[in-house]
Structure formats: structure tokens, C-alpha cells
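Here is the structure we will look at.
The values are calculated or read from the model by the stated rules, or taken from the named source; none is laboratory data. These numbers come from a predicted model, not from an experiment. Don't worry about glycine lacking a Cβ; one is built from the backbone with ideal geometry, like all the others, and counts go over all protein chains shown. To get the accessible areas, we keep the full protein, side chains included, count just its heavy atoms, and leave off ligands, DNA and RNA. Shrake-Rupley method; radii C 1.70, N 1.55, O 1.52, S 1.80 Å.
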Amino acid sequence: MPLWKQILLCLVVAVLAAGGWYAFQHRESSAGGASASSGGSGGGGGRGLGGPTLVVTEAVESQVENDQVRSVGTVKVPRSIKIYPQVSAVVNEVLFKAGDKVVKDQPLVRLDDSDQRVALDLANVALKDARSALDRAQKLSASRNLALSALEDAQSVERKAQIAVLGAQIALDRRTITAPFDGVVGLSDLAVGDFITSSTVVTTLDDVSTLMVTFLVPERYAGRVAEGQAVTATAASKPDATISGKVTSIDTRIDPTARTLKVEAELDAAAAGAIGVKPGMSVVVALGFEGQPRVAVSALSIQWDRTGSYVWAVVDDVAKRLPISVLERQSGRVLVSGDLKAGDRVVVEGLQRLREGAKVAEFATAATGSKAPATATGG
């Protein structure tokens, strides 16, 4: 490009820049005059000439923080077993179905016991004969017509016959499988005619009168957990239902790897059963602790910058910036720590115009004070 064109282009740019600067300065002066005129007439605004910054404040409150541990635990019962037969035999009857509630000693399965009944009858006959022989021996011994050794032999035979009857009765009883305690039986694959052995699982039996849950607590709460402490649990089957309970056992050791303490609690079995909670199911356990009183401020009052969080407090109608630490949020209120106490006032609206040491005034008070002279003049 020729030199003269470059010079001409530079002159044009300089003229345009000067014109823009002049227009900007003229607009600023006009705006300042209009602002001064409106300020002199007593109209409302964020801040009058030389006046305090209008803000809305709210009092600092005192609230107790929610110190709570939530942990996933597994539901279990105090007694849960698999039932096995004591002998090998053929199944004659199955007397239960899955989910039945049974009581202690209730028959569940009857096995073929024909041989054992015969053996018991023979043992009873032998016992009857032994008792008759012993009775005769005692009578003869009383009349001194029988040696003492013969009487002792008769007594021994009678005792052996009693033991034989007891053994035959035990063998017969083992052909009936019963429930060892009250509970609920589970599924079973048994059918009449099956041949089972002592390694065959007949069914399962759970004592559901009491439900327990085992869960882990961080080690920092180890000294605050106590037996009898209330807990609540929720299950995935019905998350809106709460099951109450209490701590029953606390482990004596901290897991050195996970840094947790194992805790066991007893749950309300009726409430848990009503929503379908079963042994082996996972539940979310909540364990609450007594919290410390903290100061609470509105969430609107908290500001952030590169140094952290802070609030604007009003002290003697002057804005003062106070650094804080956020501890917990509670539905619109925030628990914080810092140089605040209950009753102090913090700014919740008008925060953008504040500076350290700036004069401030409550919006409601300033608005009332500015309207009074206007009303008098209008009168």
C-alpha cells in the first residue's frame, strides 16, 4: 500500500476514535446530571448521592446440627439353620410348605419307620418278660429260696431291657423330623418316596420373631455409639417406610483396614415384615448423634471468592466482611462457623454494592424516611 494511503487511513481512524471518545464523555455528563436531578427530587434508588447503601438483612439464628451416620447393613435373624435328617430312609409324608410358621417340635417330615416300630414292640415284650422274671426273683429272695447273685442277674436283665426299649424309641423318633424352634420354614425339594440321607437338606428354618442388622460406623464415632441407642432403617422394597430399632451389640475392635466399627441393632420385626423385609436383605441404617449448637444464616447471605466463603454483617450501620466455614445445609438455612453469634444481622439482598466499611441502611427504614418529606411537600 502506498505511503500516502497509510497516512490517510491513520488519520481516519484517529478522527473516528476522537469522535467516539467525545460522544462517550458527553453521554456520561448527561447521565450524571439526570441522576443528580432525580436524586435531588427524593426518588427511590439503590444509593443516593453520599447516602448509605440500601440492603435487606436477616438475623442470625442458633440451630443444632444434624450429626448422623448412614450405612448399608444386612438383615439377619438370631437363629437360622438348615434342617438335616439324622438317618437314611424313604420319605412317607411332607407336612409343610414354604413360608409356613411352625412351632418347636412340630413334625415336618415323616420317614418310613416300619422296622423301628417292630423293633420297639420286641423291646417292649422283652422288657415285660424281664420285669416278670425280676418280680419272681425278688419274691424268692425274700423267702431266702434264691441266691443273691441270681437276683442281681434278674435286675441286670430288666435294666438291659429298659435300655433296649429306650434305644428302639429313639430310633423310631428319628424317623419323624421336627422343628427345633419356632420359626418360618423355607423351600424344599422333598417329595413322598424320596430316599434321603443325613447329608440331604430337608428345608431351612428362620426365627423371624427378631430381626437384626449389622452395619459399619466410622471410627470417629466409636466413642459415641452406645447400646440402646435408637436407629432407623429403610429398605429398597419401600424406601418411604421407616423401621425403628436400637443398638444391641458393639464390636470390641476397629477394623484397621477400613477404619470402621461393626455395630449390630435389633429392628422392629412387625414393621419390617409389613414391608417385606427378609433375612439377607440390605437396608440403609441411620444412626443419629446429639449435635452441637451452631449459628445458622440464610443461604442467600453467603458469598464466595478465591479466599473462600464469607458474609456481610451489619455492625453499627456499617458493612463488615466476615469469613465463615460452611458446616451443613438445612432447607434454606446454612449452619456455619465464624465470628458470628445469634442475633447478629447479615445482608441477604444488596450484596453486590457492598464494600468493607460502607455505610448501610435497612431498605424498609430508608424507604419510610424518604417518603415522609415527599408526603409533607405534596400536602
Just wondering, is there one or more residues in segment 24-32 that are of a type in the set (Phe, Trp, Tyr), at pLDDT 85 or above and loosely packed, with under 15 Cβ neighbours inside 10 Å? no
By my count, strands (runs of 3 or more DSSP E) wholly in segment 184-258 with at least 2 residues that are under 24 Å from VAL102 (Cβ atoms) and not aliphatic (A, V, I, L, M) are 203-206
Residues in segment 170-197 that are of a type outside the set (A, V, I, L, M) and open to solvent by 70 Å² or more (accessible area, probe 1.4 Å) total 5
Checked ALA137, ALA119, ALA133, ALA150 against criteria (open to solvent by less than 90 Å² (accessible area, probe 1.4 Å), under 30 Å from THR178 (Cα atoms), among the hydrophobic types (A, V, I, L, M, F, W, C) and part of a helix (DSSP H, G or I)); the one match is ALA119
Going through segment 259-274 in order, the residues found to be of a type outside the set (Ser, Thr, Tyr) and either under 16 Å from THR74 (Cα atoms) or part of a strand (DSSP E or B) (or both) are LEU261, LYS262, VAL263, GLU264, ALA265, GLU266, LEU267, ASP268, ALA269, ALA272, GLY273
Inside segment 85-110, the number of residues satisfying the requirement of being surrounded by 14 or more Cβ atoms within 10 Å (Cβ to Cβ) and under 29 Å from SER249 (Cβ atoms) is 1
Only one of (1) in contact with a helix residue (DSSP H, G or I) (Cβ under 6 Å, 6 or more places away or on another chain); (2) surrounded by fewer than 17 Cβ atoms within 10 Å (Cβ to Cβ); (3) not aromatic (Phe, Trp, Tyr) does not apply to ASP113, and that is (2)
The residue from ASP182, ASP206 that alone is under 16 Å from VAL277 (Cα atoms) and of a type outside the set (Ser, Thr, Tyr) is ASP206
Taking segment 261-293 and keeping residues free of Cβ contacts under 8 Å to residues at least 40 places away in the same chain and open to solvent by less than 10 Å² (accessible area, probe 1.4 Å) leaves none
Note: among ALA133, ALA142, just one is among the hydrophobic types (A, V, I, L, M, F, W, C) and touching a residue at least 12 places away in the same chain (Cβ under 8 Å), namely ALA133
